[in-house]
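S.K.: Before I ask anything, here is the structure I am working with.
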Amino acid sequence: MITWEELEKKCRECSACPLHETRTNCVFGAGNRGARLMFVGEAPGEREDATGIPFVGAAGKLLDKYLEAVGIDRDDVYIANILKCRPPKNRDPLPSEQDCCIEYLREQVRLIRPKIIACLGRISAMRLIDPNYKITKEHGTFVERGGFTLTAVYHPAALLRDPRKKEDMYADMKKIKEILDNV
Ligand code: URA
């Protein structure tokens, strides 16, 4: 099995898709490599590209608030994205870019072996749970896949655009914490 060091080096040197040409930093992932809970977002934004750390911009700050509200320590979780490089102007990741990048995430999951994988938003849920995933209908539901429990919650950026989703987000995050405490 590949080691963390080998995987991170390979990812930082990756030139498999054109996004490597415009990245400032590869945003490999961050957090606890022994985490029982892993969050998977979509792709780095401007702040993430500038710092090399996932979810440090406005969406990340909102995610931090939910973690704190339900009693999950950010130091206890691992956070990664489907794409490790920022798409120009934060456009949706192309399927071809996802195909180039997904193996890094698969290796991260193999190394961490989290109990729960929580997709942040529709892009991540469509890639990891079901290509036809409907986030507005299915958020907060749990499925078992290959020894992992998967769920999806709204992307924090969606909550910034539509605060009416915040109540659902809180309930979904609370459920994640409850299930985590019982596995
Ligand atoms: N949005 C994402 O999906 N991932 C990040 O790392 C930041 C914003």
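S.K.: May I ask you to derive the relative contact order of the stretch 42-183, considering only C-alpha pairs under 8 Å and at least 6 residues apart, and to give it as an integer percent?
M.R.: Relative contact order here is 24 percent.
S.K.: About its Cα centre, how strong a charge dipole does the stretch 81-183 have in debye, to the nearest 20, once Lys and Arg get +1 and Asp and Glu get -1 at the Cβ?
M.R.: Roughly 260 debye, rounded to the nearest 20.
S.K.: Same structure, new question: Have a look at GLN98, MET1, PHE28 and report the one farthest towards the positive end of the charge dipole of the chain, computed about the Cα centre with Cβ charges (Lys/Arg +1, Asp/Glu -1).
M.R.: Checking the options against the dipole of the chain, the answer is GLN98.
S.K.: From the helices alone, meaning DSSP H stretches of at least four residues, give me the mean residue ellipticity at 222 nm for the chain, per-run term -39500 (n - 2.57), in deg cm²/dmol to the nearest 500.
M.R.: -12500 deg cm²/dmol
S.K.: May I ask you to list the trypsin sites (Lys or Arg not before Pro) in the stretch 18-62 that are in a DSSP loop and have at most 15 other Cβ atoms within 10 Å of their Cβ?
M.R.: Passing both the DSSP loop test and the Cβ count: ARG33.
S.K.: Suppose we keep just the DSSP beta bridges with both residues in the stretch 1-147; what percent of those would be antiparallel, to 5?
M.R.: 20 percent
S.K.: With the contact rule set at Cα under 8 Å and sequence spacing of 6 or more, what percent relative contact order holds for the stretch 78-132?
M.R.: 34 percent
S.K.: Which of LYS9/LYS84; LYS137/LYS174; LYS9/LYS65; LYS84/LYS174; LYS137/LYS165 have a Cα-Cα distance over 20 Å?
M.R.: Result: LYS9/LYS65; LYS84/LYS174 exceed 20 Å.
S.K.: Percent of Cα-Cα pairs per 5 Å bin, from 0 to the last occupied bin, for the stretch 18-170, please list those.
M.R.: With a bin width of 5 Å, the distribution comes to 2, 10, 20, 24, 23, 15, 6, 1.
S.K.: With the dipole of the stretch 95-183 worked out from charges on the C-beta (+1 for Lys and Arg, -1 for Asp and Glu) around the Cα centre, which of ALA125, LEU160, LEU180 lies farthest toward the positive end?
M.R.: Projecting each Cα onto the dipole axis, the largest value belongs to LEU160.
S.K.: Excluding GLU107 itself, calculate the net charge of residues whose Cβ lies under 11 Å from the Cβ of GLU107, where each Lys or Arg counts +1 and each Asp or Glu counts -1.
M.R.: 0
S.K.: Sequence gap at least 6, Cα distance under 8 Å: using those rules, report the relative contact order of the stretch 37-96 to the nearest whole percent.
M.R.: 53 percent
S.K.: If you don't mind, another one. What full-extension length gain, to one decimal in nm, is calculated for THR51 and ARG91 as 0.36 nm per residue of separation minus the Cα-Cα distance?
M.R.: Result for the pair: 12.5 nm of gain on full extension.
S.K.: What shape does the stretch 1-60 have by the C-alpha gyration tensor, where a ≥ b ≥ c are the square roots of the eigenvalues, rounded means a/c under 1.5, and otherwise prolate means a/b greater than b/c and oblate the rest?
M.R.: Here the stretch 1-60 falls in the oblate category.
S.K.: Just in the stretch 72-168: which trypsin sites (Lys or Arg not before Pro) are loop by DSSP and have at most 10 other Cβ atoms within 10 Å?
M.R.: Sites meeting the loop and neighbour criteria: ARG91.
S.K.: If you place +1 on the Cβ of every Lys and Arg, -1 on the Cβ of every Asp and Glu, and leave all else neutral, what size is the dipole of the chain about its Cα centre, to the nearest 20 Debye?
M.R.: 280 debye
S.K.: Quick one: what are the phi-derived ³J(HN,Hα) couplings along the stretch 137-148, Karplus 6.51/-1.76/1.60 with θ = phi - 60°, whole Hz, x for glycine and proline?
M.R.: Per residue, the Karplus-derived 3J(HN,Hα) values read 8, 9, 3, x, 9, 10, 10, 9, 9, x, x, 10 Hz.
S.K.: Further question: Using r as the Cβ-Cβ distance of ASP73 and LYS134, and R0 as 45 Å, what FRET efficiency do you calculate, to the nearest 0.05?
M.R.: 0.90
Computed from the coordinates by the stated procedures, all read-outs in this text should not be read as laboratory data. On a predicted model such as this, the values are computed, not experimentally measured, just so you know. FYI the Cβ positions are ideal-geometry reconstructions off the backbone, even for glycines, and counts take in every protein chain you see.
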